[in-house]
Amino acid sequence: MKHRMVLHLTVFLMLCLCSKGYAQLAVTTDHTNGIYKVGDTVQWIIRNNEQNAASECTYVLKQGGYREIEKGSLTFGFTHGLTVLKSRIDKPDTLLLEVRGKDSTGKVQRVLGGVVFSPDKIRPSSQRPKDFDAFWKAKIKELSRVPTNPVLETADANKPGVDYWKIKMDNIRGTHIQGQIARPAIADKLPALLIVQWAGVYPLQKSWATDRAAEGWLVLNIEAHDLPIDEPEPFYQQQFAGALKNYWAIGNDDRETSYFLRMYLSCYRAAQYLTERTDWDGQTLVVMGGSQGGLQSLVTAGIHPKITAALAIVPAGCDYLGAEVGRDTGWPKWYWNTQGKDEKRVRETGKYFDVVNFASRIKCPVLVGAGLIDETCPPVGILAAVNQAQGAKEVILLPQGAHQEINRSHAAYNTRCYGDWLPMLRQGKPAPIVSEPKGE
């Protein structure tokens, strides 16, 4: 079957809605869907409001969200408060336009716009290590020698018709996996859903598991860290300021000591645990998450053969070496985050944890959302990764999408994820890949 990449975009519009006294800037393009072919010319239309129509703004245009290719000043006419920039590039990539301006009180306003050229042709910036598969096969074998030893503790679900447990399992090298399980109280065999977490150090909210369980899922939601899941907030703040400070950089100059080794294997073991439960239906095993959770979702889909679908919004960890070809890199941005270590070792280690090198092993359907103005997890790296996936894929590009959702900027992805994909997958039906581009 021919695999299809479907690109969804809302009208390309970035408005800054400000309090009284601030200038209102907006960026649009002549292609309302934000997609261009290599060689096309983009017309950026920058609008300023009437009150400050003659005020001067500065702009910077970055290819791949990183390499500055143009900068200058913008002066708006008194009549319409409009100005136009034109730009083009000669290879598949993204452009990020940053506009800054001051209002009459001197307060600075910053707006962003983004477009993509030939998105399905964007490729990784580096080659996968020759021993990549052998390394991860060995790590999974190491994990298999550690008994899972699941310990479940019953607790109140706080939701009628749902059963709930806390769970703790053993992981490599004396570490643990901690999380929560929820499922419908009355059910026999159930589709399974693994939920993995975004970056940071924080407790799990019970509703993250019980809400999906109430819909009919067997849910396992795990912490990214070896920590209890429901301590008071100060506990996590202390961890983040202490032992887990900058955890993403711990051991990142050696593939055997990287913090992400334990994290990735915890995802594998969590998925494996679900397949071994007697209440799993033996058919549906979905993994989902956002940001760092999106990273874990795509990695899990790449290394666990029984994952049947992966859903990832603004996934991190894509194309760590992008800077070498003039692109911004995805969080945790190891290319720069060397912290006094041997840069070459850090960058070489990153290849073994880069999502792009797991993505070509993904054979199940994937739903991925990428924000065109995301500076934390740039869309160019996400596209480089998802383009490698072997299964059917649906990519939702979010024109107003920065890394954090503001003013429902991730709504197009959420609608597809929670309104379409999860209900269909829960029923054991095929992933509802949309065959035609769709705008709002």
Subject >> Ellipticity estimate at 222 nm from DSSP helix runs (n ≥ 4, -39,500 (n - 2.57)) divided over the chain, nearest 500 >> reply: -6000 deg cm²/dmol
Original post:
How long are the three semi-axes of the equivalent ellipsoid of region 228-318, in whole Å, if each is the root of 5 times an eigenvalue of the C-alpha gyration tensor, listed from largest down?
Top reply: 26, 17, 13
Original post:
How big is the C-alpha Rg of region 349-440 next to the rule-of-thumb value 2.2 N^0.38 Å, as a ratio?
Top reply: 1.13
Original post:
Give me the Kirkwood hydrodynamic radius of region 285-338 in Å, from all C-alpha pairs, to one decimal place?
Top reply: 11.6 Å
Subject >> Distant alpha-carbon pairs in region 95-139 (separation over 17 angstrom), percent >> reply: 66 percent
**OP:** Would you work out if region 371-416 is rounded, prolate or oblate? Take a ≥ b ≥ c from the square roots of the eigenvalues of the alpha-carbon gyration tensor; rounded if a/c is under 1.5, else prolate when a/b is larger than b/c, oblate otherwise.
**Re:** oblate
Original post:
When the accessible area of region 356-440 is split by element with a 1.4 Å probe, what percent falls to carbon and sulfur?
Top reply: 47 percent
Original post:
Which far-off residues, 5 or more places away or on another chain, put their amide H under 5 Å from the one on Val146, with H placed in the peptide plane?
Top reply: none
Subject >> Order by protection proxy (mean Cβ within 10 Å, highest first), peptides 281-294, 264-277, 63-76, 230-243 >> reply: 281-294, 264-277, 63-76, 230-243
Subject >> Scaled radius of gyration (Cα, divided by 2.2 N^0.38 Å) that region 273-384 gives >> reply: 1.15
Subject >> Kirkwood-type radius of region 189-284, with distances r between different C-alpha atoms, in Å >> reply: 14.9 Å
**OP:** May I ask which residue of Ser87, Tyr418, Gly242 lies farthest towards the positive end of the charge dipole of the chain, with charges of +1 (Lys, Arg) and -1 (Asp, Glu) on Cβ and the Cα centre as origin?
**Re:** Ser87
Original post:
Considering only protein heavy atoms, what per residue accessible area in square angstrom results for the chain with a 1.4 angstrom probe?
Top reply: 42 Å²
Subject >> Overall dimensions of the chain by Cα: Rg and Dmax, Å >> reply: 22.6, 73
**OP:** Using a 1.4 Å probe over the heavy atoms of the protein chains, calculate the carbon and sulfur portion of the accessible area of region 161-268 as a whole percent.
**Re:** 52 percent
Subject >> Charge sum, other residues only, whose C-beta stays under 15 Å from Asp226's C-beta, Lys/Arg counted +1 and Asp/Glu -1 >> reply: +1
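The values are calculated or read from the model by the stated rules, or taken from the named source; none is laboratory data. Fair warning: this is a prediction, and the values are worked out from it, not measured in the lab. For neighbour counting, all protein chains shown are included, and Cβ atoms are generated from backbone atoms with ideal geometry for every residue, glycine included. Side chains included, ligands, DNA and RNA excluded: accessible areas come from the protein's heavy atoms. Shrake-Rupley method; radii C 1.70, N 1.55, O 1.52, S 1.80 Å.
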